[in-house]
Amino acid sequence: MLKIVHRICCGIDVHKKFVVATIGKTNEAGTTDYETREFSTFTENLVQLRDWLVSSKCKEVCMESTGKYWIPIFNILETNCNVFVANPKYVRGIRGKKTDKRDSVWLCDLHKHGLVQNSFIPPWRIRQIRDLMRYRYKLTNFQSSEKNRMQNSLTVSNIMLSSVVTDTFGKSSMRIVNHLLENPEDTSFDVAPLMHKGMKATAEEISKSIQGTLTKPQAEKISVCLSHLDDINKYQAIIESAVLELAEPYMGQIKLLLTVPGIKDIYTAIGIIGEIGVDMSVFLSSRHICSWAGVVPANNESAGKKKSVRCARAGTYIKPLLVQCAHAAVKSKECPYFRIRFEQISRRRGKKRAIIAVAHMLLNCIYHMISRNESFNYDLYRIDNAPKPRSAPEITKEQAIALLESLGAQVIIPTDT
């Protein structure tokens, strides 16, 4: 018989318009009585759900992480209850016997026996930072999309600025593009006054690159892209201002992260803090947090046969961030350790696996730095470039005889007299 961990607990089946909650009370004889109620997802009704749980002396609550619908329920219940948010993959009911009531009872039974693994839910302020930083990441993607659209329009119009300048969106290039937008038919103007003194391309090369045909529809499209880019930059500045205000209490941990090779931007450090928080005690070990972030191989073995062990699809936001930091750490001259390890692993396993391994090392460092409140210690990653003395390998008498015979020598072993 399974052990009873929580004698009074609640399972909540979450939907968009309503939730179904079941409270299970287990007596000393091991018999469980269930009480099920349905509540709307309006705030007034969710407060009634909280009051019902408090009046029933139910402190333990378990629910699925259904889309975004679980978040307002969690926000209302977290002050009065210990809320477990379970991955639906691990608490799924039996197909063909699923109803809303049965799902809530099933969650209640699983939680009663302590069979539900809780998801990592950071504190309120960290959740707000996480939400804003993820939105900032989306805005950055929008920026890249608009730049690609504008570049496509220039290519279609045979304006090949990208072939002669390093950055199409640099100051000199944008001055030339803006002049073309104002005068689409004038492609023979003098570009020298619009060029920066440090540009490698000559005025003649740039003049040849803009000898295209910019039609009115393409010019309007480019104007819209530029206007959208300006709006995105403005909105991104607003988001960054709000993020800095929220991250003020965590500036100590953020400064620690800025000492890590590959992390030089404050918003990169804030993004990492927004994903993993500052309390490392919620993770069992550094291995646990690396597995949670999806930067370690999985285990998939059956009947003594090992199947695919590719990294899990976890860490949708933290993994790309760590990989970007890993690419920067590999190029860092201050700490060549990560570059050497990347080269060693890439020779055996390929560059993709090698960069994931470096991301795993960085997250391991971050975990211990935040746990111990210490900055990155470069002395632990010093590489001794001095040649190490090599000792001759020790071989047995039989191996020596076999080696000599393989070289064509005749070995005569004297007999003892």
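Since every read-out is calculated from the coordinates, none of them should be taken as a lab result. This structure is a prediction, so every number in the text was calculated from the model and none was measured. Note that each Cβ is placed from the backbone with ideal geometry, even for glycine, and that neighbours are counted across all protein chains shown.
Sites listed here are GluC sites (Glu not before Pro) in the range 175-268 whose DSSP assignment is loop and whose Cβ has at most 10 other Cβ atoms within 10 Å: Glu185. The alpha carbons of the range 125-248 occupy a box of 56, 33, 20 Å along the principal axes, longest dimension given first.
Any chance you could tell me what percent of the C-alpha pair distances in the range 64-168 go past 20 Å? Everything past 20 Å amounts to 61 percent. In this model, which of Lys68/Lys306; Lys97/Lys305; Lys89/Lys307; Lys255/Lys352; Lys255/Lys351; Lys25/Lys98 are farther than 25 Å apart at the alpha-carbon? With Cα atoms farther than 25 Å apart: Lys68/Lys306; Lys97/Lys305; Lys255/Lys352; Lys255/Lys351. When the Cα centres of the range 104-179 and the range 287-355 are compared, how far apart do they sit, in Å? Measuring centre to centre over Cα atoms gives 22 Å. Listed peptides 42-48, 151-157 appear in the order 151-157, 42-48 once ranked by packing, highest mean of other Cβ atoms within 10 Å at the front.
Ratio of Rg to Rh for the range 250-381, alpha carbon only, Kirkwood? The Rg/Rh ratio comes out at 0.98.
Dipole size of the range 153-235 about its Cα centre, with +1 on Lys/Arg Cβ and -1 on Asp/Glu Cβ: approximately 220 debye, rounded to the nearest 20. Packing around the peptides 322-332, 27-37, taken as the average count of other Cβ atoms within 10 Å per residue, puts them in this order, highest first: 322-332, 27-37.
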